[in-house]
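Shown next, in structure tokens, is the structure this report addresses.
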Amino acid sequence: MIGVSSGDRRPGARGEGAFQGAHAIVIGASMAGLVTARVLSEHFARVTVVDRDRLPGSPDTRRSVPQGRHVHVLLGAGLDALGGWFPGIVEEMAAGGALLRDFGEQIAWYHCGVWKVQFASGIPLLLCSRAFLEHHVRQRVRSLPNVEILDEATVSGLRVSADRARVTGVSIERPGGVHDELTAELVVDASGRGSRAPQWLEAAGYARPQESKVEIDIAYVSRIYRTPERYRRTPVFLVIYPRPPAQRRAGFLCSVEGDRWFVSLSGYLGEHPPLDDAGFVEFSRTIARPELHELIKDAEPLTAPTVYRFLADRRRHFERQQRYLEGLVVLGDAACAFNPIYGQGMSVACLGAGVLARCLREQPSGDVRGLARRFQRELSSETDLPWRLATTEDLLFPEATGERPFWFGAMRWYNRKLAEVSAHDTAVYGRWLLVLHLMRKLTTCFAPAVVLAVL
């Protein structure tokens, strides 16, 4: 049975001692911002979400979310969190055309030179486009009586108190050169990789956060195909990873709503897919396995190829700040941006919103002092696992630049053995999947039964 959260499992619902404030502002109406707005609606009389785009009323891609045209997935922990904050939304999306399946049964995954065994994992998988998912979440947020979404508005800076100790709101710019100011007790930066939080902190007299990077120069080129008639009753989720260091090319094919296939091709370290029709199909022939090429070579494309380039995994260490600007917290890709190949971004954003909920539940009502420090430190702990999983894989390429910890060689060997055993051992693969889906700690992969199977 597929385990989807169907009840109200909100980790920070109102309760005795929970923080209550007047107004909070969220910068960014992507997934991180929308789920954060839902969290804040429990703790503030008013919540304003500010986004620079004109937000569509239908499942359309947005200009400032170029990655929205590429294959996306919510990991098990992210889907469970989403269902907790928006009860019934998973079933609602499934009724609207998304495909709800079991991850272990559905995914055909080639990794480390082997196909993973397919089995009933109990981990839910929702196959849909990013635009479809975001639309449904956005509609839920719009329906909240104390949340306003202010689109076509750009946050140009923070407003701070005279002593520069706390945030008092934001300055915004709107079309036609209109400038305005919004006051708030709490500002949440969920604006993504282009966040200006480091510059804003510096302008207020604070240090920029330290950064960790793993530079990989990967590019994704994607296009949408019409699902061939013979596959319309058989959804496909095909993932073909390269085997470093010799192979650098990957391919993904995902059935989504509307009888469509989303197909993404990617290449590390400058080995990028071409944007012309023939070159796209030819590149698919050069990845590690032929199955994806065979599926698309005669399929009908519905869009031209589009590109999304990702230079580096990047983590901003707000948790290491010596001084905190009270009333400002940063989450989602603004805090930590992962290589999209691992599908972690939206799920980590949902988990980050849950961390904020827990912190607000423990915060004295009406006083945000200390919240930034507590939140950024707890968010860092939540981010440690996905960061380690992503960067350990990316650093398998010798040309990738970034710090390789002392344990890197041992972990590389162990991960490869795990992958090989997962070709036939459902118990080991099942435990590994729980970790990859951020549903269990890394120690799950070091349980005696797993170590014995790997060794």
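Restricting region 114-158 to residues that are free of Cβ contacts under 8 Å to residues at least 40 places away in the same chain and not in a strand (DSSP E or B), the residue that is farthest from Ala427 (Cα to Cα) is Pro145. From the list Glu393, Glu399, Glu420, which one is within 22 Å of Ile218 (Cα to Cα) and more than 23 Å from the chain's Cα centre (by Cα)? Within the list Glu393, Glu399, Glu420, the selection yields Glu399. Summed over region 156-191, residues that are over 29 Å from the mean Cα position of the chain (by Cα), within 13 Å of Thr48 (Cβ to Cβ) and surrounded by 21 or more Cβ atoms within 10 Å (Cβ to Cβ) total 0.
Could you please let me know if Glu92 is over 24 Å from Arg309 (Cβ atoms), in the same structural domain as Ser171 (by TED's automatic domain parsing) and either β-branched (Val, Ile, Thr) or in a helix (DSSP H, G or I) (or both)?
yes
Inside region 391-410, residues that are crowded, with 20+ Cβ neighbours inside 10 Å, part of a helix (DSSP H, G or I) and hydrophobic (A, V, I, L, M, F, W, C) make up a count of 0. Quick check on my filter: what residues within region 169-207 are in contact with a Gly (Cβ under 8 Å, 6 or more places away or on another chain) and among the aromatic types (Phe, Trp, Tyr)? Correct list: Trp200 only.
Would region 177-197 turn up any residue that is within 30 Å of Leu269 (Cα to Cα), part of a helix (DSSP H, G or I) and among the aliphatic types (A, V, I, L, M)? Checked region 177-197: at least one residue is within 30 Å of Leu269 (Cα to Cα), part of a helix (DSSP H, G or I) and among the aliphatic types (A, V, I, L, M).
Per this entry, Ser365 is counted among residues that are modelled with pLDDT under 95 and of a type in the set (Gly, Ala, Ser).
The residues on offer are Val348, Val368, Val355, Val329, and the sole one that is within 26 Å of Met31 (Cα to Cα), among the aliphatic types (A, V, I, L, M) and in a loop (DSSP other than H, G, I, E, B) is Val368. Scan region 121-135 and give yes if some residue there is within 20 Å of Leu74 (Cβ to Cβ), of a type in the set (Phe, Trp, Tyr) and assigned by TED's automatic domain parsing to the domain that holds Gly33, otherwise no. Yes, that holds for at least one residue. Considering region 108-127, the residues that are in contact with a Leu (Cβ under 7 Å, 6 or more places away or on another chain) and either surrounded by 19 or more Cβ atoms within 10 Å (Cβ to Cβ) or not hydrophobic (A, V, I, L, M, F, W, C) (or both) include one that is farthest from Leu55 (Cα to Cα), namely Ser121.
A single member of Gly354, Gly409, Gly402 is at positive phi and either outside the structural domain of Glu326 (by TED's automatic domain parsing) or not hydroxyl-bearing (Ser, Thr, Tyr) (or both), and it is Gly402. Within this structure, Ser161 fails the test of being of a type in the set (Ser, Thr, Tyr) and under 30 Å from Ala304 (Cα atoms). Screening region 223-317 for strands (runs of 3 or more DSSP E) wholly inside it with 3 or more residues that are among the aliphatic types (A, V, I, L, M) returns the ranges 237-240, 249-256, 306-317.
On inspection, Pro198 does not qualify as free of Cβ contacts under 8 Å to residues at least 40 places away in the same chain and either more than 23 Å from Pro59 (Cβ to Cβ) or in contact with a Ser or Thr (Cβ under 7 Å, 6 or more places away or on another chain) (or both). Residues that are buried (at least 17 other Cβ atoms within 10 Å of the Cβ) and of a type in the set (D, E, K, R) were ranked within region 214-249; the one that is nearest to Val307 (Cα to Cα) is Arg223.
The values are calculated or read from the model by the stated rules, or taken from the named source; none is laboratory data. All figures in this text were calculated on a predicted structure; none of them were measured in a lab. Virtual Cβ from ideal backbone geometry, glycine too; neighbours counted across all protein chains shown.
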